[in-house]
Amino acid sequence: MKGKVEVDETAVGGQEEGVVGRKNNKKKLVVFAIERQGKGISRLYGKVIKRSSANELGAFMKTNIEPTAYVKTDVWTGYKPLKKDFENLIQVPSGRKGENFPDLHRAIMGFKGWLRGMHHHAEHLQSYVNEYTYRFNRNNMKTGIFENLINKMMVSEPYTYKMIIS
C-alpha cells in the first residue's frame, strides 16, 4: 500500500461480560489497513494478531505498507514506536464513534456484518479475513477473473513441470 493509508485494530467476537477495553478472553484481534484513493478506498488488508503491540502491528504494516506512505492511525501506544519505520505516520484520536476514520471503520463494520451474517462461528478467522479482503479488493477490478489470470500469466516468468512438483 502506498499514498494515504489508514490503520486500526478491532476485536471480533461479540461482547464479553466483565471485560473492558482491549482486554479479551474469547475475542480475537484483527488489524486492518485501507489505502485511500481519491474519495474512496482502493484496497483493504487485514491480519489476525494476538496482541495490539508495536511488534505485531509493525509486522503487519511492514509487510503491507510502503515506508514512505502517509499512514494515519489512532493514538494507541502500540503505533508510537512505528514512527521510526514510517516517517509519515501521524496519530490522531479516533473521535466520537470513529469520526476521524469513517471509511476505515465502515470497512471494518462491513467485515463484521459479513462475518455475522454468513459465518456465525469463524474457527479460522484469518481465512475469513483473507476472503473478505479479496472480495473487497476484487470489487474495484473492472475485468473478470479469467482476464486477470491471463494478464498475470503473460507478465510472470514461466514455470516448468519440475518447478511445480519440487
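Each reported figure results from applying straightforward, stated rules to the coordinates on display, with no laboratory input. For clarity, every value in this text was computed on a predicted model and none was experimentally measured. Cβ atoms come from the backbone with ideal geometry, glycine included; neighbour counts cover every protein chain shown.
Taking θ as phi - 60° and the Karplus parameters 6.51, -1.76 and 1.60, the scalar couplings of the stretch 56-61 work out to 6, 5, x, 4, 5, 5 Hz in sequence order, x denoting glycine and proline.
The aspartates and glutamates whose alpha-carbon is closer than 15 Å to the alpha-carbon of LYS62, local same-chain residues fewer than 8 away aside, are GLU6, ASP8, GLU35, ASP85, GLU87. Sorting ILE41, ILE165 by the number of Cβ atoms found within 10 Å of their own Cβ, with the fewest placed first, yields ILE165, ILE41.
Summary value for the chain: 21 percent relative contact order, contacts being C-alpha pairs under 8 angstrom separated by 6+ residues. For the chain, DSSP calls about 80 percent of its internal beta bridges antiparallel.
Just to verify a number: FRET efficiency for TYR134 and LYS26, C-beta to C-beta distance, R0 = 25 Å, to 0.05?
0.45
Each of TYR45, TYR134, TYR70 was scored by other Cβ atoms within 10 Å of its Cβ. Arranged with the fewest first, they read TYR134, TYR70, TYR45. Values (i) 18.5; (ii) 16.5; (iii) 17.6 are given for comparison; Kirkwood radius over Cα pairs in Å, derived from the coordinates here, is the one labelled (iii).
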